[in-house]
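FYI, it's all coordinate maths here, none of it is from the lab. Predicted model only: the values in this text are computed from it and were never measured. With ideal geometry, Cβ positions are generated from the backbone for all residues, glycine too; neighbour counts draw on all protein chains shown.
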Amino acid sequence: MESRIGGVEGRKPRIGYVPQRLHLDLDSPINVTDLVVLAISKRPVWLGVSRRLSEEAQRVLSVFSAGRLAKKRIGELSGGELQRVLLAIAMTAEPELLLLDEPGSGVDIQGLSMFYQLVRSLREQHDIAVIIVTHDLAGISTYVDRIILLNHSVVAEGEPGDVLSDEKILHTFGPSLWNISALPTLPSPKEKL
Amino acid sequence: MIALWYKLADYVLPFDLARYIFIKNALLAVLLVAPIFGVLGTMVVSNRMVFFTDVLGHSALTGIAVGILCGIHDPTIPMITIAVALAVLVNILKGITHASMDTVLGVLLAFMIALGITILSRRGGFVKFTIYLIGDILAVTPQQIAWIAALFVIVFVYWCFAGNALILTSISGSLARSRRIRTFLVETSFTILLAVVVMVAIRLVGILIINSLLVLPAATSRNVARSVGSYTALSIAISLLSGITGLFASYYWGTASGATIVLFAVGCYAISALTGRLRQKSFI
C-alpha cells in the first residue's frame, strides 16, 4: 500500500484500528487492563500484569474517561464503553491513520454523538486522518469533511451537504437517506451510559 | 535428574505408594503434563478448537497404522508426522473453505478413525492396540518423561514469546493483524505444538479421553476467571489438582488413571459452572 500519509511517500502509515464489536470475542475471560497491556507491552500477559503496567494502562484509559473500567471483563462493557476502550487502544499505536469499523453498533444515539465528537477532537489534537466505515449516514454527516458512498463501487463522493442532497443518490440509497431529518437510528434498549 | 526426583518423592509420597518406582514415574509425568495441558487448553477453549483437538487425538490411530505399514517399531514419529500434517491442513482449510468447519472436521474425524482401524484391524489384530485407546500412565518410562520434560520447557518458552499474540488473535483477528501480528503463522505454530504435545501424551492417557484433559481445566477456569492471568493460573491449578488426585484415586481403586483423572476434572467443571452462575445472578 503506497501512501502519502505522514508526509513520506511509499511508507506504510501507522494505523490505529477500532474493530467492529461483532468481530470481538466478548466471552473471553480478559479484562480491560489486560487488553491495553497487550497493546502497550511485550511482557507476557498470562504471567500476570505488573503494578507498573497496570498503572500505565490506567493512564491510557483515563485519557478516554475509561479509567474506572480497568478491572471489568470486556463482555461486561456497554457498547459505548467498549468503543472508548478500543479507541484508547488504537491511539496507543500513535497512528497517522485512524480506521473505525462500524463504531455505531451497540451504541445509543447520545453515546454515539459523544463518540464522534471525541474522534473529531482527537483528529484536531493529533493531526491524524480518520476513516469511518458506517451505515449511520445521518448521524455521521455533521462530523465529517467528506463522504464516499459505496455500493459495490463508488456511487458518490464529496462533501456531506452535496452528497446527501443529490437527488440521484437519494433515489439509489432510498429510505435510509430520507430519514435523515427524522430519527436516524433507534437506540438499543440495553444500552446504558 | 530422575534419581533426584525418586529421593524427593520418598519424602512427599505416603509410605505405601513410595515403594513403587512406577508410581513415582507416573506422578512426575502428571506434574509435567498437567501444566502443559492447562496452558494449551486455555487457547483451545478460547479459539473454539475443542472439536479440532478431538480429531487430532483420533488421528493417532492413523499415525500408528502408517507406522506399522512402514515397518517402524516405535510409532511416535509417524504419529507426530500425521498429526502435524493434519494440523497444518486444517489451518489452511479454515482460510479457504466455504463449508462449515464443523462439517469439515467431522469428515476428517471419520476419515482418520476409519483409515486407522481398517489398517490396524487387518487379520483381526486390533486388540493389541487397545492400550492406545485408554492409555497407561503407570507404564510411563523415564525416557518418555524426558520427552515430556523437553516439551514442558518448549511450551513455556513458546508461551512467553507467542502468548500475547495468540491471545489478541483469539479476541479479534483483525485487531491482531492491525498490530502487525502474522495471525496465520501464530495460529499454525500453535496447532503444530498442540499436535506434538497430544501425540507424546497419548500413550499416557489414551485417545478416548485426551481431549477431555485438554479442554476441562481451561473450560472450568473460564467459568470463573476475570483476567488472562487468572484464567491461565487457574487452568494449570485445576489440571494439576485433578491429575494428582485422579492418579492416586486410580491406584487405590484399581481403575484406569486417565479416566479417573477426567472424572475429577468433570467434578471441578461442575462446581465452577455452579459458582459462575451464582455469581452472575448476584450481579443482577
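Listed values, structure above:
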quantity	calculated
Least to most buried among B:Y132, B:Y20 (fewest other Cβ within 10 Å first)	B:Y20, B:Y132
Cα centre as origin, Lys/Arg/Asp/Glu Cβ charges: chain B dipole, Debye	600
The protein assembly as shown: Lys pairs at Cα distance under 28 angstrom, eight or more positions apart or on different chains	13
Residue-averaged 222 nm ellipticity for chain B, from DSSP H runs of 4+ at -39500 (n - 2.57), nearest 500	-28000 deg cm²/dmol
Amide H within-cut-off set for A:V130, under 5 Å, with H built and near neighbours excluded	A:L98
Net charge over other residues, Cβ less than 10 angstrom from the Cβ of B:D10 (K, R count +1; D, E count -1)	+3
Rg to Rh quotient for chain B, alpha carbon positions, Kirkwood Rh	0.98
Of the DSSP H helices in chain B, those whose Cα atoms cover at least 27 Å axially and whose Kyte score averages 0.5 or more	B:21-46, B:50-69, B:76-96, B:101-120, B:142-171, B:183-205, B:228-253, B:257-283
Least to most buried among B:W253, B:W159 (fewest other Cβ within 10 Å first)	B:W253, B:W159
Cα lying deepest toward the dipole's positive end in the protein assembly as shown, options B:L13, A:I128, A:I148, charges on Cβ	B:L13
Percentage relative contact order, chain B, counting C-alpha pairs under 8 Å, at least six apart	28
Computed magnitude of the charge dipole of the protein assembly as shown (debye, nearest 20; Cβ of K, R +1, Cβ of D, E -1)	1440
Shielding score for A:48-55, defined as the mean number of other chain Cβ atoms within 10 Å	1
Residue among A:L98, A:L82, A:S50 farthest towards the positive dipole end of the stretch A:7-134, charges placed on Cβ	A:S50
Rg and Dmax [Cα atoms of the stretch A:43-156; Å; Rg one decimal, Dmax integer]	15.9, 51
Exposure proxy ranking, count of Cβ atoms within 10 Å, fewest first, for B:T255, B:T220	B:T255, B:T220
Pair-distance profile P(r), taking every C-alpha pair of the protein assembly as shown, with 20 angstrom steps and integer %	21, 45, 26, 8, 0
Amide proton proximity set for A:G48, modelled H, under 5 Å, gap of 5+	B:G229
Cα-centred dipole magnitude for the stretch B:117-192, charges only on beta-carbon of K, R (+1) and D, E (-1), debye, nearest 20	300
Using a Förster distance of 41 Å, the FRET efficiency for B:K7-A:H126 (Cβ separation, nearest 0.05)	0.05
